1. Any residue at all in the range 185-192 that is at pLDDT 90 or above, of a type in the set (Val, Ile, Thr), crowded, with 16+ Cβ neighbours inside 10 Å and closer than 26 Å to Gly66 by Cα?
2. Kindly indicate the residue of the range 111-134 that is within 17 Å of Ser77 (Cβ to Cβ) and polar (S, T, N, Q) and also least open to solvent (accessible area, probe 1.4 Å) among those meeting that condition.
3. For the condition open to solvent by less than 70 Å² (accessible area, probe 1.4 Å) and in a loop (DSSP other than H, G, I, E, B), what is the one hit in Gly66, Gly76, Gly89?
4. In the range 41-63, what residues are among the polar types (S, T, N, Q), more than 30 Å from Ala128 (Cβ to Cβ) and surrounded by 15 or more Cβ atoms within 10 Å (Cβ to Cβ)?
5. Among (1) closer than 22 Å to Val125 by Cβ; (2) not in a loop (DSSP other than H, G, I, E, B), which single condition is Gly39 missing?
6. Please identify the pairs in which a residue from the range 103-128 that is under 19 Å from Arg149 (Cα atoms) and in contact (Cβ under 8 Å) with a residue 40 or more places away in the chain has its Cβ atom under 7 Å from the Cβ atom of a residue that is of a type outside the set (A, V, I, L, M, F, W, C) and open to solvent by less than 40 Å² (accessible area, probe 1.4 Å), counting only partners at least 6 apart or on another chain.
7. If you take the residues of the range 171-183 that are in contact (Cβ under 8 Å) with a residue 12 or more places away in the chain and farther than 16 Å from Leu154 by Cα, which of them is surrounded by the most Cβ atoms within 10 Å (Cβ to Cβ)?
8. For the range 152-169, check the following and say yes or no: at least one residue is hydrophobic (A, V, I, L, M, F, W, C), surrounded by 16 or more Cβ atoms within 10 Å (Cβ to Cβ), in a strand (DSSP E or B) and within 15 Å of the chain's Cα centre (by Cα).
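The values are calculated or read from the model by the stated rules, or taken from the named source; none is laboratory data. Because the structure is a prediction, the values reported are computed rather than measured. Here the Cβ positions follow ideal geometry from the backbone for every residue, glycine too, while neighbour counts run over all protein chains shown. Only protein heavy atoms, including side chains, enter the accessible area calculation; ligands, DNA and RNA are left aside. Shrake-Rupley method; radii C 1.70, N 1.55, O 1.52, S 1.80 Å.
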Amino acid sequence: FKQKTAYEIRNCDWSSDVCSSDLLLKLPDSINGNFSLLGNLDMAEDGSNTVELELVTDLAQASLSGSLGKAPSYDGSRFEFQASGDRVGRLLSAAGLEGAPDQPFRLNSKAQLQNESIQVSEGQVVLAEDLQLQLAGLVTLNPGLTGSRLELDLKGTSLAALFEGMPIQEQLPGGSYQLKGQITRVEEGLTLDGVTASLDSLTRSEEHTSE
């Protein structure tokens, strides 16, 4: 026996009845606009549940699919996530991160919920086809994400373009680059370990902590 539940909300806006007043008050003005939400939840007697969600907004399109672990912890849940859009700067601004240029972006990732943490694998972010970020590691659900550790591999065609609009841009060369390392969230801030940076024929290795 399998029970299937479908959800569909089309051509609504964030001020509609499907969004609570508390949610509306928390949303920044930059993401106001129409959205559509589609979803399916398949529930089987053996406890194997699958979910599919698709969200389309003025800022981005996103989809999530996967299997749910057993309640209440949902441990073992596995998901695949994709997102894309034309204005990453506006999207990051809605999340409180200002200054990023508006560029097309794509995001793909796989994740598993395990021991109250999220194990990320095959994570990839692409900006305007000339910047790629690969990431994998552990994201904790602790306050402030303390204890999270991610392996990063960032590469692009122009180091100067990465800092577009910032004063430091004029001091940087325009050649291709690659940056690898591990970033860890600690109570004092972020730590970067085992960092290697390559710029054309120049390679450097560093370790430091930022707050």
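1. Taking every residue of the range 185-192 in turn, none turns out to be at pLDDT 90 or above, of a type in the set (Val, Ile, Thr), crowded, with 16+ Cβ neighbours inside 10 Å and closer than 26 Å to Gly66 by Cα.
2. Result: Ser117.
3. Numbers: Gly66 fails: in a loop (DSSP other than H, G, I, E, B); Gly89 fails: in a loop (DSSP other than H, G, I, E, B).
Answer to the check: Gly76.
4. Here is the first cut: in the range 41-63, the residues among the polar types (S, T, N, Q) are 48-50, 57, 61, 63.
Filter once more, so that each one left must be more than 30 Å from Ala128 (Cβ to Cβ): 48-50.
Within the range 41-63, Asn49, Thr50 qualify.
5. So the condition that Gly39 fails would be (1).
6. Partner pairs satisfying both residue conditions: Leu113/Gly69; Leu113/Gly76; Leu113/Ser77.
7. So in the range 171-183, the residues in contact (Cβ under 8 Å) with a residue 12 or more places away in the chain come out as 172-183.
Still in the running and farther than 16 Å from Leu154 by Cα: 172-173.
Values: Leu172: 16, Pro173: 12.
Across the range 171-183, the extreme among qualifying residues is Leu172.
8. Checking the range 152-169: at least one residue is hydrophobic (A, V, I, L, M, F, W, C), surrounded by 16 or more Cβ atoms within 10 Å (Cβ to Cβ), in a strand (DSSP E or B) and within 15 Å of the chain's Cα centre (by Cα).
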